[in-house]
């Protein structure tokens, strides 16, 4: 977005976030929902960093409504008007003024037409250079646009993609299997809101299985569904590496827990634990399975297995309230065994905090 639009977006973000915050919302909650860090989201909302069109859309939809109306509210704020007030009709213009305006619009038509054509070419060039595939469907779910990357991902010519619906593609393109993708498409269509998906398997005509992720973004015209933008990224490599990592952790002689946490001050909810960890704490028969038990609930269950459960819970709470350095605590279980609980922070290549890795070793 250009500087003027970004300035209007910033004004609208500041106004509507205050309202969202009064209702109990927070940037941390928004960041988690959008799949970004709180620091990054804050910088986008205050205009110090630019973001993808997807993220601008999500912020606008969450805080107020469609992006164009969100920007319109920002314009009203800059003009000193009520951002929630619809545009009021002006007093009836004189015939002379209307004629002058009409003359201007007629003369300006060719300039606008040229600019629109150049803008279309500009954005098509950007989309074609993306490393993600892009599909655009119409209101009847037929593909009206596909970029070149899609040919590489699903191994078929773009001509075979255009005009095809996700619901009929398997019948039209031999060997293609994308029912999991179609299910995600349907979810976004029924919810009528931008929906993120990940690790969805698709079988290409050659028989190769790829794992994809991205966004399903419904389009609207006069508040009615008018198609979908689908971004598609090939995550096969990361999926395979993740699978190898999980298998490696399973063979570890120590108990291991990996906790996902984008902000050290937030209590995590997602985690992964290996079988050794479950065996140490006698959680192998946990119902539902340990993977579906929320982390806070898991803490309470583990606490009942310990002699010093209250002290350990206090230690855990302190760890998740900003202490992201190496941590160590001795656990004494009621079965007579003692273990060292060792925690280390996890970060990506940009040093952004991702969570913690916990190892449990016999003391």
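Considering only residues that are in a strand (DSSP E or B), within 33 Å of the chain's Cα centre (by Cα), over 19 Å from residue 274 (Cα atoms) and in contact (Cβ under 8 Å) with a residue 24 or more places away in the chain, which ones fall in the range 309-353?
Result: 353, single match.
Conditions first: (1) modelled with pLDDT of 80 or more; (2) under 23 Å from residue 353 (Cα atoms). Residue 241 passes all but one, so which condition is the exception?
The one condition residue 241 does not meet is (1).
Per-residue answers, yes or no, for (1) more than 19 Å from the chain's Cα centre (by Cα); (2) at pLDDT 85 or above:
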position	(1), (2)
219	no, yes
230	no, yes
249	yes, no
259	no, no
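Look through 355, 343 and report the one residue that is closer than 21 Å to residue 37 by Cα and touching a strand residue (DSSP E or B) at 6+ places or on another chain (Cβ under 7 Å).
Result: 355 is the single residue among 355, 343 that is closer than 21 Å to residue 37 by Cα and touching a strand residue (DSSP E or B) at 6+ places or on another chain (Cβ under 7 Å).
For the range 8-28, which positions are in a helix (DSSP H, G or I) and surrounded by fewer than 15 Cβ atoms within 10 Å (Cβ to Cβ)?
14, 18, 19, 21, 22
Residues 160, 140: which one is within 30 Å of residue 203 (Cα to Cα), at pLDDT below 90 and in the same structural domain as residue 209 (by TED's automatic domain parsing)?
Testing whether each residue is within 30 Å of residue 203 (Cα to Cα), at pLDDT below 90 and in the same structural domain as residue 209 (by TED's automatic domain parsing) leaves just 160.
Kindly check whether there is at least one residue in the range 270-277 that is in a strand (DSSP E or B) and assigned by TED's automatic domain parsing to the domain that holds residue 154.
Looking for residues that are in a strand (DSSP E or B) and assigned by TED's automatic domain parsing to the domain that holds residue 154, one finds none in the range 270-277, hence no.
Among the residues of the range 145-157, is any over 18 Å from residue 212 (Cα atoms) and either in the same structural domain as residue 63 (by TED's automatic domain parsing) or assigned to a loop (DSSP other than H, G, I, E, B) (or both)?
Scanning the range 145-157 turns up at least one residue that is over 18 Å from residue 212 (Cα atoms) and either in the same structural domain as residue 63 (by TED's automatic domain parsing) or assigned to a loop (DSSP other than H, G, I, E, B) (or both).
Residues of the range 39-51 being closer than 17 Å to residue 354 by Cα and crowded, with 19+ Cβ neighbours inside 10 Å, which ones?
Once the filter is applied, which keeps residues that are closer than 17 Å to residue 354 by Cα and crowded, with 19+ Cβ neighbours inside 10 Å, the range 39-51 yields only 41.
Across the range 171-211, what is the total count of residues that are more than 18 Å from the chain's Cα centre (by Cα), without any contact (Cβ under 8 Å) to a residue 40 or more places away in the chain and in a loop (DSSP other than H, G, I, E, B)?
So the answer is 6.
Inspect all residues belonging to the range 198-206 and state whether any of them is under 28 Å from residue 55 (Cα atoms) and at pLDDT 90 or above.
Yes, that holds for at least one residue.
The values are calculated or read from the model by the stated rules, or taken from the named source; none is laboratory data. Quick caveat: nothing in here was measured; it's all calculated off a predicted structure. Virtual Cβ from ideal backbone geometry, glycine too; neighbours counted across all protein chains shown.
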